[in-house]
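Structure first, then comments.
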Amino acid sequence: MDQAVDGHGGVVREEEAIQHPLGIYFKIWILLFVLSAMSYAVDYFQVQGYMRWFLILFFMVLKAGLIIAVFMHMVWERLAMVYFILVPPALLLTLVAIGSLEADWTFFQRGVYFLKELIISAPAPVHH
Amino acid sequence: MSTETMGSDSLELKSGLAGFFDDWSSDQRAFKGVPWGKAMMWIFLVSDTFIFGCFLASYMTVRMSTLDPWPSASEVFALSFGGDPIPLILIAIMTFVLITSSGTMALAVNYGYRKNKWVTFWLLLATALLGATFVGMQVFEWSKLIFEEGVRPWGNPMGAAQFGSVFFMVTGFHGFHVSIGVIFLFIFSYKVARGHLETQQAGWFTKRGGNYEEIEILGLYWHFVDLVWVFIFAFFYLW
């Protein structure tokens, strides 16, 4: 993470970027291919249940991590930048939590409503 | 841009967490040694993360709350090449095309910083063409779903009506991002080939002299498009 920074950030960046060997890009590239093939295999071989969820999320996180870390140069950035990028999106988890609570409630209401509709449309009279 | 001020920054730059607090509590700029264009691209990408995050969260909500069965993406996006339909094959090919383009883009950034003009040019052009291929396959996918399967944003014959609205909204927005990226990749391969980035010649669009940092900034956008696809592929197509 140590890097010398002078007034002209660009100059330093360029020299620093040249120091990235090409090899790492090819390695990550191949890894991304393999991981994509494996996540496709999850569907191709119809893995189901919790194993399917786990594998899909596992390969997704690995691929996303590799792209952000190496292709988007995040591992070479200072922490001030890394945290600014990675922390705010964590707020989306709140949205996901609210959304899933809401969805459960909607699902329940739809169940009740559609059930009632079925009963009302049934020919047999209902006692009051 | 006074060099004195930034020169004084450089004396105290710490690494790790101490550096994080130092940078954020410092005068004038938090992102030390980062070109402003790159910081701005990251700010845009974080905001774009929220847009796609909202789409995917809404998708989760409508999928969890529907009483109708969700159509099986594995079958809907199957293609037959003469024999039995291969599940999800079109989407798998699109994924590989996009990953290949991400690789050529990463190499283009690297060769740009090496000031290797022609390799950068060919890599950018390859990235643009692969991106265009992706969009072309998406056009094929959309027309197949609309004209052959009868999928509409408000309903489809396979099951839950929300399938169509989510599909068109999410993949449409992603495809739009890819299309914009392809346009800029063509513009920048032209700029690289003409040597505008070496001579710092002002562009017609921003009227400021460019350099090879711009290839890295363009690369950030392009990798982000690939990144979004990783999530769409997992949540919409595989789930």
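For this structure, a couple of remarks:
- A simple spin-label model places the labels of A:Thr94 and B:Phe21 2.5 nm from each other, with each point 7 Å out along Cα-to-Cβ.
- Candidates B:Phe20, B:Phe168, B:Phe140: whichever shows maximal mean-square fluctuation once chain B is modelled as a Gaussian network with Cα springs under 10 Å: B:Phe20
- Ordered by the count of other Cβ atoms within 10 Å of each Cβ, fewest first, A:Val75, B:Val178 give A:Val75, B:Val178.
- Legend: ranking of residues A:Met51, B:Met158 from fewest to most surrounding C-beta atoms inside 10 Å; resulting order A:Met51, B:Met158.
- Highest-fluctuation residue, B:Leu88, B:Leu67, B:Leu107 considered, GNM on chain B with Cα pairs under 10 Å: B:Leu67
- Residue-wise HN-Hα couplings along segment B:38-53, as the Karplus relation 6.51 cos²θ - 1.76 cosθ + 1.60 with θ = phi - 60° gives them from phi, are 6, 4, 5, 4, 5, 4, 4, 5, 5, 5, 5, 4, 5, 4, 5, x Hz; Gly and Pro carry x.
- Relative contact order, whole percent, for segment B:35-238 stands at 27, derived from Cα pairs under 8 Å and 6 or more residues apart.
- Dipole-positive endmost among B:Gly155, A:Ile120, B:Ala39 within the protein assembly as shown (Cβ charges, Cα centre): B:Gly155
- Rounded to the nearest 0.05, the FRET efficiency derived from the C-beta distance between B:Leu67 and A:Ile30 at R0 = 45 Å is 0.55.
- Sum of -39500 (n - 2.57) over DSSP H runs of 4+, divided by residues of the protein assembly as shown (222 nm, nearest 500): -23000 deg cm²/dmol
- Of the residues A:Arg78, B:Arg114, the one with the fewest other Cβ atoms within 10 Å heads the list, and the complete ranking is B:Arg114, A:Arg78.
- Taking amide hydrogens as placed 1.01 Å from N in the peptide plane, the amide H of B:Leu79 sits under 5 Å from those of B:Ile86, B:Leu88, B:Ile89, B:Leu90, each at least 5 positions away in sequence or on another chain.
- The residues neighbouring B:Gln162, those whose beta-carbon lies less than 10 Å from its own, together hold a net charge of 0 under the Lys/Arg +1, Asp/Glu -1 convention.
Values in this text are rule-based calculations from the coordinates and carry no lab data. Fair warning: this is a prediction, and the values are worked out from it, not measured in the lab. When we count neighbours, we look across all protein chains shown, and the Cβ atoms used for this are built from the backbone with ideal geometry, even at glycine.
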